[in-house]
Protein chains: 2
Amino acid sequence: MRIFLSGFGTVGQGFAEVIKRRRDFFEDKYGEQPVVVGVIDSKTFAVDQKGLDLDRLVARKQEKKGVSDETYSDALAVMDSVKYDLLIEVSPTDVETGGTGLKTIRHALECGKDVITVNKGPLALHFHDLIALAKKNGCKFRFEGSVGGAMPIINLCHENLKGEKISSIRGIFNGTCNYILSKMDNGQPFEQALKEAQQLGYAETDPTNDVEGYDAATKVVILANSVFHRDVSFKDVKITGITGITPDAIAQAKSHNMVIRLVGEITETRLEVAPRLIPIGHPLSISGTLNIAQIDADLAGPITITGRGAGKIETASAILSDLIAIMSMRL
Amino acid sequence: MRIFLSGFGTVGQGFAEVIKRRRDFFEDKYGEQPVVVGVIDSKTFAVDQKGLDLDRLVARKQEKKGVSDETYSDALAVMDSVKYDLLIEVSPTDVETGGTGLKTIRHALECGKDVITVNKGPLALHFHDLIALAKKNGCKFRFEGSVGGAMPIINLCHENLKGEKISSIRGIFNGTCNYILSKMDNGQPFEQALKEAQQLGYAETDPTNDVEGYDAATKVVILANSVFHRDVSFKDVKITGITGITPDAIAQAKSHNMVIRLVGEITETRLEVAPRLIPIGHPLSISGTLNIAQIDADLAGPITITGRGAGKIETASAILSDLIAIMSMRL
């Protein structure tokens, strides 16, 4: 299995660590190691048909930025310069245009390569095009880590619950907001909770994407398109963020034995992200950075899944899960 | 896909209903309906190579007991009298000897047939023998519904989390006990809560298997053998049931903001079923008949899954999930 890795930030480096930690597993199960034959970050690249030394690339990247001194102007030309079986696309999310991720995914699928991505941009913008392209070219296209990080909701719905009619998914899809709201439960005002989330690395310097509900909305779009087979985009989601939530509202909720959580909802007719009153003790009342999804299935009944929504190794673990599925299908 | 169905009680009849409700799904995805060519219950049988009318069998069974007037003395001879691809084994659980289920599963695997079962007896007693037999004969052997009913824990661990090192699973694996304990939270004594569970059909007339923790222990054994690759049996589990729990103990727990729940634990070195103090708000503090499992994975971190642990359609939905997996692999 020869891999081209597009993106070498936190998740790309996490993936490098994860496949190193699973060397024995790959040997034992498949008699071969997956080999990374090409890596690009936003400007630089490294290729080696015999396989790159990922430890050295990680060290290089952390020391000097860039995976090498070699810069590229055309990502697709770098991809074409090596033979690979699978693109792993983990470049930064761009929900306006799809960014590099959209180009590399399209190109790989057009060339008949399998693709794993956690990049929400291309999935939120062009889901059905990409699925159709994968199908046309006989490629596997998997994206477990794009919703809920290590929470295995995508493959759970696509595989384990394939025979179910799923009528709704309600969940907490943004760990940053959940962390902030959990802190507000204990009396902290929004600004202070946000600052703490930023100091801990849960929130970015510009927190708009998280606190305005945009990130959660992107995941709602991906679930609507992939699990509900709808054809929707970001603009179809009714979005309310958490910036307007006051300590007074939290206290009011608490006096009724409730908490406020930012809940994403997907049904056949409804797409919404909004703060909701949740009774304490209800599964969606979870605290901290966890993600959770409640799936309503017609035969199985309600199924709830919880897991870490983000993190270097956690998100890479979702890529590993997809990689193993693809390698198992090739056996 | 030609199915031989061993067992036509609640789950067998549930399966008949489920495949009827998924007629369009099968047509759409596979271009064929699964056909049941043989059914046995404890005494009677019905076979038809062209496919049995399951609605008529269900009606017959509910009216007169038995699926027909024809009785059998040798279940394996009935199996051999038709051509089938897959055995679905849902006869009553016998954790002493493995019962009919053990015989039919072994026979099917020896004949190179795939097997789906929810029968805990054979799995708890002869797990590794059966796995080895399936492997030797190139058969698929799946058993999602044997632990936690519609809660998809087995395939989640075997497939989605295949690349993880799972260090522990802690969970609530018996909905009857959880129902009783939830009622005791509100001040009901054990005997009264049990009686109510019996009236609602959650507990059997002889509730020993549930309330002494034996049923949960069987599931602990199945998870230990299948997910942890251990080689253990029922006698290796340290078991304490819930019959000794007093209203006073519940009240004491409540005064510390805790509840008592019957928790099964599996690690590399530990197998135990026992009542545990659980803080209110902790995932394992769930009330009612739900099952839950907390999985500790080294890369993904903690993952929690919740679902209905029993029920006619719910358990049949787990069989459907396994059936779809097998049909998809044949495509």
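If I model a spin label as a point 7 Å beyond the Cα along the Cα-Cβ vector, how far apart are those points for A:Phe234 and B:Lys238 in nm?
Placing both labels 7 Å along Cα→Cβ, they lie 5.5 nm apart.
Under the definition of partner shielding as Cβ atoms of other protein chains within 10 Å of a residue Cβ, what is the mean value for peptide B:310-318? Spell out each step's value before the answer.
Working: counts 0, 3, 0, 4, 4, 2, 2, 9, 3.
Going residue by residue through B:310-318 and averaging, the value is 3.
If each residue of separation counts as 0.36 nm, what is the full-extension length gain between B:Ser328 and B:Asp248 once their alpha-carbon separation is subtracted?
Full extension of this stretch gives 23.5 nm more.
With no solvent and one equal point scatterer placed on each C-alpha of chain B, evaluate the Debye formula and give log10 I(q)/I(0) for q = 0.11, 0.13 Å⁻¹, two decimals.
Evaluating at q = 0.11, 0.13 Å⁻¹ gives log10 I(q)/I(0) of -0.71, -0.97.
Residue by residue through A:144-152, how many Cβ atoms from other chains fall within 10 Å of the Cβ on average?
3
Rounded to the nearest 20 Debye, what is the dipole magnitude of chain A about its Cα centre when Lys and Arg each give +1 and Asp and Glu each give -1 at the C-beta?
Computed charge dipole of chain A: roughly 380 debye.
In nm, what does the list of distances from A:Thr269 to its counterparts in the other copies look like, shortest first, when each label sits 7 Å along Cα to Cβ?
Listed shortest first, these distances are 5.8 nm.
For the range B:91-107 and the range A:172-245, compute the distance between their C-alpha centroids and round to whole Å.
The distance from the Cα centre of the range B:91-107 to that of the range A:172-245 comes to 51 Å.
How far, in nm, would the chain grow between B:Asp94 and B:Lys50 when pulled straight, counting 0.36 nm per residue and subtracting the alpha carbon separation?
So the chain would gain 12.7 nm between B:Asp94 and B:Lys50.
With a point put 7 Å past each Cα toward its Cβ, work out how far B:Ala132 is from B:Lys20 in nm, to one decimal.
Distance between the two pseudo-spin positions: 4.3 nm.
List the residues whose amide H sits under 5 Å from the amide H of A:Asp94, counting only those 5 or more places along or on another chain, with H placed 1.01 Å from N in the peptide plane.
A:Gly121
Among B:Ala150, A:Leu200, A:Ala75, whose Cα lies farthest out toward the positive end of the dipole of the protein assembly as shown, if unit charges sit on the beta carbon of Lys, Arg (+1) and Asp, Glu (-1)?
So the residue furthest toward the plus end is A:Ala75.
Which of A:Ile242, A:Ile250 comes first, and how do the rest follow, when ranked by fewest Cβ neighbours within 10 Å? If you can, show how the numbers build up before the last one.
On the way: A:Ile242 26, A:Ile250 22.
Lowest count first: A:Ile250, A:Ile242.
Say each of A:Lys162 and A:Ser81 gets a label point 7 Å from the Cα, pointing the same way as Cα to Cβ; how far apart are those two points in nm?
In this crude label model, A:Lys162 to A:Ser81 measures out at 4.0 nm.
Cross-chain or 8 or more residues apart, Cα under 21 Å: how many lysine pairs in the range B:159-308 fit that? Count them up, please.
Counting lysine pairs in the range B:159-308 gives 6.
Just the Cα atoms of the range A:159-308: what Rg and Dmax do they give in Å?
15.4, 46
Please compute the contact order of the range A:159-308 in relative form: average sequence separation of alpha-carbon pairs under 8 Å and at least six residues apart, divided by the residue count, as a percent.
Numbers: 276 pairs, mean separation 51.6, N = 150.
The normalised contact order for the range A:159-308 reaches 34 percent.
Considering the rotational relationship between chains B and A, which residue of chain B contributes the beta-carbon of minimal distance to the axis, and what is that distance to the nearest Å?
Residue and rounded Å distance to the axis: B:Ile305, 3.
Given a 10 angstrom Cα cut-off, can you work out which residue in B:Asn174, B:Asn155, B:Asn186 is the most mobile in a GNM of chain B?
B:Asn186
So if I restrict to the alpha-carbon atoms in the range B:13-84, what is the Rg, and what is Dmax, the biggest pairwise distance, in Å?
Final numbers for Rg and Dmax: 13.1, 40 Å.
If we hang a label 7 Å off Cα along the beta carbon direction at A:Glu70, how far is it from the matching labels on the other copies, in nm, shortest first?
Here the equivalent label points are 7.1 nm apart from this one.
Which residues' amide hydrogens lie under 5 Å from the amide hydrogen of B:Ile280, considering only partners 5 or more residues apart or on another chain, with H built in the peptide plane?
B:Met258, B:Val259
In peptide A:160-170, what is the residue-averaged number of other protein chain Cβ atoms found within 10 Å of each Cβ?
5
Shortest first, in nm, what separates the label point of A:Val82 from those of the same position in the other copies (7 Å along Cα→Cβ)?
5.4
Every number in this text was worked out from the coordinates using simple rules, so none of it is lab data. All figures in this text were calculated on a predicted structure; none of them were measured in a lab. For neighbour counting, all protein chains shown are included, and Cβ atoms are generated from backbone atoms with ideal geometry for every residue, glycine included.
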